[in-house]
Amino acid sequence: MKIFTFDTTLRDGTQGESISFSVEDKLIIAQKLDELGIDYIEGGWPGSNPKDKEFFARATELKLQHAKLTAFGATRFARNPVEDDRNVRALVEAGTPVVSIFGKTWDLHVKRALGISEDENLTLISETVQYLRDHGKEVVYDAEHFFDGYTANPDYALRTLEAAHKAGAGVLCLCDTNGGTITGRLVEMVGEVRRRFDGVIGIHTHNDSDLAVANSIAAVEAGATHVQGCMNGYGERCGNANLASIIANLELKLGHTTIGPERLTSLTSMCRFLAELANLPLRNDQAFVGKSAFAHKGGVHVSAVLKDSATYEHIAPEKVGNRQRVLVSDLSGRGNIMYKLKQHGLADRLGEDSRRELLERIKQMEYEGYELEAAEGTFELLVREALHPGLHFFDVESYEVSTRAAGNAESHSTATVTLKAQDGVHSATATGNGPFHALHVCLRKCLSKLYPQITEVRLTDYKVRVLDSNKGTAANVRVLIEWSDHKRSWSTVGVSDNVIEASWKALVDAIRLELMRLTEKDDSIEKAVEDYCWGV
Ligand SMILES: [Zn+2]
């Protein structure tokens, strides 16, 4: 069955504490949501702020192929005739084919928040819906606090829906505004509404009880055919229902049609793209689209998924555009390492002893606090070194770095690096914005004399974590650095009780890897790594 998807990332999603999108961001996101095949895109509340007003003005430039842009607002104020209500007029002026408005369902809100009679509230609903219909709008009626309202006073809650329905609302959307409804109760109430009303019933849930996705799916099973949510579950408080998970479940588990199987393969990239614009990390354990959603670490799991991925995967990751990952760690058996080596096309090129040695080295590093599963670059370097023991570019003779600040002036860091290579000793000095930056610039400067072909690799992320003291002997700081060459990205890791030293180790590994890649053009490695690491 066709289930309509209604994305409110640009409206309800932006009410999340750490979410802020510029008008440009919002326009790009709307375009992407359209490409993904979303049916309705709620762009904002034009009556509430100038940014949303500007968005709708500029949205006329958008070339949406499929989605209907939707403006959000409320029923008219009690004191205003509908045609004079500023907010309702802003909805008409937004120029969208669809308008969603919320009205009060819960008698408590009618009395306390609006301070009007129950009948007056019904008039607000029907007049506003009617006015918008008269202006040619498709109306999605959001019954705010529907489930709480129905629990308190079912007759009145149903009368509010009836007012919207009779006035011509195309969708009666039941909202779990406070996110506190338990699934079983929600299903009963959706079922009751389904029996009483024809037309489209919608569902809009919040995640305060960690049930938003489950409640949305259950509502569809109880007869809703319009689902609202936000990509990545962004939204007020604990967020809205995660529309990405809802879509994947409806398509893959229940056989419904939302965006269709072909566009479903863009789901992971959509969520990653959105997280990037929101400047928030995409949670690794996010269902369906997270980096760890199909990652296998335990030895038993790994050996089983290598035989048949269905043993530990609920769906084929490719269906949502994600991928299987097999992690290297101290938990792993030989199966993990072999998987990696096969993946890199290298298994046959390493002797039995070298394989065992490599595994031992990895286990020791993990014990010291290295996190290789997050540092494919360091892992690749280990494999390359095992394959080419004769390839050695340089030894570090010494490095030093100092930072100086005088008064209120900005501090300056200066680094000196001395390297020993086949042709002798090389030294360089450089300055930078901080000690690590100075070391980075200095090491590249020193090496550029030896290896002028060294490319400018970009540092994209730098993370420091203080390790649990029982994790390793002297190790207590782990530095993870992410690099990118515009085509792919990879991470290297360093561990030490000194943050500069840990950073230096991760830096030297990254440079060695870069030189390895330049010297040993090995297509199988290049391809495998490109495939293995996440794209930039
Ligand atoms: Zn909401």
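Considering Cα pairs under 8 angstrom that are at least six residues apart, work out the relative contact order of the chain and quote it in whole percent.
Averaging sequence separation for qualifying contacts and normalising by length gives 9 percent for the chain.
For all pairs of alpha-carbon atoms in region 68-160, what percent lies in each bin of width 10 Å, listed from the first bin to the last filled one?
18, 49, 28, 5
Provide the per-residue ³J(HN,Hα) series for region 146-155, in order, calculated from phi with Karplus coefficients 6.51, -1.76, 1.60 and θ = phi - 60°, each as a whole number of Hz, with x at glycine and proline positions.
Values, residue by residue: 4, 6, 5, x, 5, 5, 6, 7, x, 4 Hz.
Starting from the Cα gyration tensor of the chain, take the square roots of the eigenvalues, sort them a ≥ b ≥ c, and report rounded, prolate or oblate (rounded when a/c is under 1.5, otherwise prolate if a/b is larger than b/c, else oblate).
The shape class here is prolate.
Using Cα atoms only, what is the angle between the long axis of helix 118-134 and the major principal axis of the chain, expressed in degrees (0 to 90) to the nearest 10?
With rounding to tens, the tilt is 70 degrees.
Once you put a point 7 Å from the Cα of D423 and another 7 Å from the Cα of L62, both along the Cβ direction, what distance in nm separates them?
For D423 paired with L62, the spin-label model returns 5.8 nm.
Gap in Å between the Cα centre of region 52-74 and the Cα centre of region 89-148?
20 Å
Using θ = phi - 60° and the Karplus relation 6.51 cos²θ - 1.76 cosθ + 1.60, list the HN-Hα couplings for region 377-386 in order, rounded to whole Hz, with x at every Gly or Pro.
Taking θ as phi minus 60°, the curve returns x, 5, 5, 4, 4, 4, 5, 5, 5, 5 Hz for region 377-386.
Scaled to the compact-protein estimate 2.2 N^0.38 Å, what is the alpha-carbon radius of gyration of region 111-194, rounded to two decimal places?
1.10
Enumerate the lysines that K51 could reach by cross-link, defined here as Cα to Cα under 19 Å, with residues fewer than 8 away along the same chain left out.
Within the straight-line cut-off, K51 pairs with K26.
I need the calculated FRET efficiency for the pair A113 and L254, taking r as the beta carbon distance and R₀ as 25 Å, to the nearest 0.05.
So the FRET efficiency works out to roughly 0.10.
Which FRET efficiency value, to the nearest 0.05, do you get for S309 and T151 by plugging their Cβ-Cβ distance into 1/(1 + (r/R0)^6) with R0 = 41 Å?
0.40
For region 41-95, state which GluC sites (Glu not before Pro) are in a DSSP loop and have at most 15 other beta carbons lying within 10 Å of their beta carbon.
E61
Decide, for region 376-524, between rounded, prolate and oblate: order the square roots of the alpha carbon gyration tensor eigenvalues as a ≥ b ≥ c, take rounded if a/c falls under 1.5, and otherwise choose prolate if a/b is larger than b/c, else oblate.
In terms of gyration-tensor shape, oblate.
Could you tell me the largest-minus-smallest coordinate of the C-alpha atoms of region 193-266 on each of the three principal axes, in descending order and whole angstroms?
34, 33, 16
Round to a whole number: what % of the accessible area of region 140-236 belongs to carbon and sulfur, probe 1.4 Å?
47 percent
In square angstrom, what is the accessible area per residue of region 113-215 with a 1.4 angstrom probe?
For region 113-215, the per-residue accessible area is 38 Å².
Residue by residue through region 255-264, which ³J(HN,Hα) values in whole Hz follow from phi under the Karplus form 6.51 cos²θ - 1.76 cosθ + 1.60 (θ = phi - 60°), with glycine and proline marked x?
x, 7, 9, 10, 9, x, x, 5, 6, 4
Once you have the Cα-Cα distance between R86 and I454, take 0.36 nm times their residue separation minus that, and quote the gain in nm to one decimal.
Roughly 126.3 nm would be gained on extension.
Sort region 226-281 into rounded, prolate or oblate with this rule: let a ≥ b ≥ c be the square roots of the eigenvalues of the Cα gyration tensor; rounded if a/c is under 1.5, and if a/c is not under 1.5, prolate when a/b is larger than b/c, oblate otherwise.
Verdict is oblate for region 226-281.
Cross-link candidates for K166: which lysines have Cα within less than 17 Å, leaving aside residues fewer than 8 places away along the same chain?
Partners within reach: K104, K137.
Which links in K291/K319; K319/K521; K291/K505; K342/K463 stretch past 24 Å when you go from one Cα to the other?
Details: K291/K319 15 Å; K319/K521 33 Å; K291/K505 26 Å; K342/K463 30 Å.
In this structure, K319/K521; K291/K505; K342/K463 lie more than 24 Å apart at Cα.
Can you give me the long-range amide H partners of E144? Hydrogens built in the peptide plane at 1.01 Å from N, cutoff under 5 Å, separation of 5 or more residues or another chain.
Close amide H contacts, sequence-distant or interchain: G103, T105.
Counting only DSSP beta bridges with both residues in the chain, what percent are antiparallel, rounded to the nearest 5?
50 percent
I'd like the FRET efficiency for E520 and E318, computed as 1/(1 + (r/R0)^6) with the beta carbon distance as r and R0 of 35 Å, rounded to 0.05.
The calculated FRET efficiency here is 0.70.
Name the trypsin sites (Lys or Arg not before Pro) in region 1-99 that are in a loop by DSSP and that have at most 16 other C-beta atoms within 10 Å, would you? All intermediate terms of the calculation are to be shown ahead of the outcome.
Working: sites: K2, R11, K26, K32, K51, K53, R58, K63, K68, R76, R79, R86, R89; in loops: R11, K63, R76, R79.
Answer in residue order: K63, R79.
With contacts defined as alpha carbon pairs under 8 Å and 6 or more residues apart, what's the relative contact order of region 84-137 in percent?
45 percent
Using just the helices of the chain, give the 222 nm mean residue ellipticity in deg cm²/dmol: DSSP H runs with n ≥ 4 each add -39,500 (n - 2.57), and the total is spread over all residues, rounded to 500.
Helices in the chain give a 222 nm mean residue ellipticity of -12500 deg cm²/dmol.
The values are calculated or read from the model by the stated rules, or taken from the named source; none is laboratory data. Keep in mind the model is a prediction, meaning the values are calculated, not measured. With ideal geometry, Cβ positions are generated from the backbone for all residues, glycine too; neighbour counts draw on all protein chains shown. Quick note on the areas: whole protein, heavy atoms, side chains included, nothing else; ligands and nucleic acids left out. Shrake-Rupley method; radii C 1.70, N 1.55, O 1.52, S 1.80 Å.
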